[in-house]
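For reference, the structure discussed in these notes is given below.
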Amino acid sequence: TPLPLDAAGAVCPLPSVLMQGSALPPEEELKATVLQLRETVLQQKETIGSQREAIRELTGKLSRCESADGKSAPGTWKKELAKGKDTMGDLPRDPAQVIDQLSRTMQTLKDRLESLEHQLRANVSYAALPNDLREMLQRRLGDLERQLLSKVAELEDEKSLLHNETSAHRQRTETALNALLERVSELEKGNSAFKSPDEFKVSLPLRTNYLYGKIKKTLPELYAFTVCLWLRSSASPGIGTPFSYAVPGQANEIVLIEWGNNPIELLINDKVAQLPLFISDGKWHHICITWTTRDGMWEAFQDGEKLGTGENLAPWHPIKPGGVLILGQEQDTVGGRFDATQAFVGEMSQFNIWDRVLKAEDIMNIANCSTNMPGNIIPWVDNNVDVFGGATKWPVETCEERLLDL
């Protein structure tokens, strides 16, 4: 503020600090004092500004906390903020008063913060209810789990009891089957006392896929053969499969079959020839079949009489060795996969195989029972024939029974 002209020579009172030991002129000392006061005012303004920003920030945070808590009066923070704004807008000139006002404001904010902390602690104590709820749910889940385990244990006990009962039933069944097998073995041993090792027949009374006989020996490689056997069957339609020979890769290497209403057929390497044989009258018949790989020539004999001949049946195909020879069933695989509709029903005896074509007079003599010619490849002897599934072996003299049929 400029001084009036009449006061140019007046002496302004100076602070004692500046008056003592001052060597500067009065004007310079006054300027220095003014500058110092100005710096003090600026520092106080900066302090007040920073404290105002801090107060605003704290007031905003308190307002958010109070609005989240919902328990403080909605207008409280607005009044305090307005009061603070009024205070800041009309600052007293004494810096000590400003500092005192700021101290009171800070204390108020601190008290409000402590109040909010107490409320938050109270809310935390109230929030303990979900923990109790979780504990209750855990107890309930524990009870349910124990009940479930109890049910599982009961089911396991029932399963164990059922398994024990099933095992006991299985043991009783196996015991009964073993007793039956032992009885069958005894009967087979009793029937082995034939007058001659070849005087027996194999009986296959039912059309099933499990009654059959098996020749223990196998065939060598053959370029010709003769198969002869006695048959008696009255099954219809068709007597089934008296015998079949299967090798790896060819289940129908040699098959004699009468299936359904078809005529009796001879299969060699899956090639077919129909034979003019009629043997389903329930009487004993002697059957012989010859074949040679040369031009595939074949002949069919019934009761010693040639009824048919032909050629081109698997010509130049040698019979493969190492196969399985089955009586009474047709094989879809080597030694298995029988079909009940193709099973033989009846009796058979004197099944013999030679590795050559027999002469017509030899076949006649065999059929008339005037000569005994066992097969040089497969002879009909008791220890070379096994029976399975309920098939049986019985003593028989085919020639005498044939006479009875006549």
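Grab the Cα-Cα distance for T218 and A360, subtract it from 0.36 nm times how many residues apart they are, and report the gain in nm with one decimal.
Details: separation 142, 0.36 × 142 = 51.12 nm, distance 2.59 nm.
Contour length minus the Cα-Cα distance gives 48.5 nm.
Per residue of the stretch 154-169, in order, report the coupling 6.51 cos²θ - 1.76 cosθ + 1.60 (Karplus, θ = phi - 60°) as ³J(HN,Hα) in whole Hz, putting x for Gly and Pro.
Result, rounded to whole Hz: 4, 4, 4, 5, 5, 4, 5, 4, 4, 5, 5, 5, 5, 5, 5, 4.
Label-point separation (nm) for D281 and T175, each offset 7 Å from Cα along Cα-to-Cβ?
For the pair D281/T175, the computed spacing is 5.3 nm.
For the residue pair N262 and S160, what label-to-label distance in nm results when each label sits 7 Å from Cα along the Cα-to-beta-carbon direction?
It is 5.8 nm.
Rounded if a/c is under 1.5, else prolate if a/b is larger than b/c, else oblate: which is the stretch 200-404, with a ≥ b ≥ c the root eigenvalues of its Cα gyration tensor? Walk me through the intermediate numbers first.
Details: a/c = 1.30, a/b = 1.06, b/c = 1.22.
It is rounded, given that a/c, with a ≥ b ≥ c, falls under 1.5.
Leaving out ligands, DNA and RNA, and with a 1.4 Å probe, what % of the accessible surface on the stretch 320-366 is carbon or sulfur?
Details: 870 of 1750 Å².
Taking all protein chains in place, the stretch 320-366 shows 50 percent carbon and sulfur surface.
Using a probe radius of 1.4 Å on heavy atoms only, what accessible surface per residue do you get for the stretch 200-404? Whole Å² is fine.
Values: 8450 Å² over 205 residues.
I get 41 Å² per residue for the stretch 200-404.
Please work out the FRET efficiency for the pair L37 and N131, using the Cβ-Cβ distance as r and a Förster radius of 56 Å; give the result to the nearest 0.05. Write out the running numbers ahead of the final one.
Working: r = 63 Å, r/R0 = 1.13.
The calculated FRET efficiency here is 0.35.
The values are calculated or read from the model by the stated rules, or taken from the named source; none is laboratory data. Quick caveat: nothing in here was measured; it's all calculated off a predicted structure. A quick note on method: Cβ atoms are made from the backbone with ideal geometry, for glycine too, and the neighbour counts reach across all protein chains shown. In case anyone asks, the SASA skips ligands and DNA or RNA and just uses the protein heavy atoms, side chains included. Shrake-Rupley method; radii C 1.70, N 1.55, O 1.52, S 1.80 Å.
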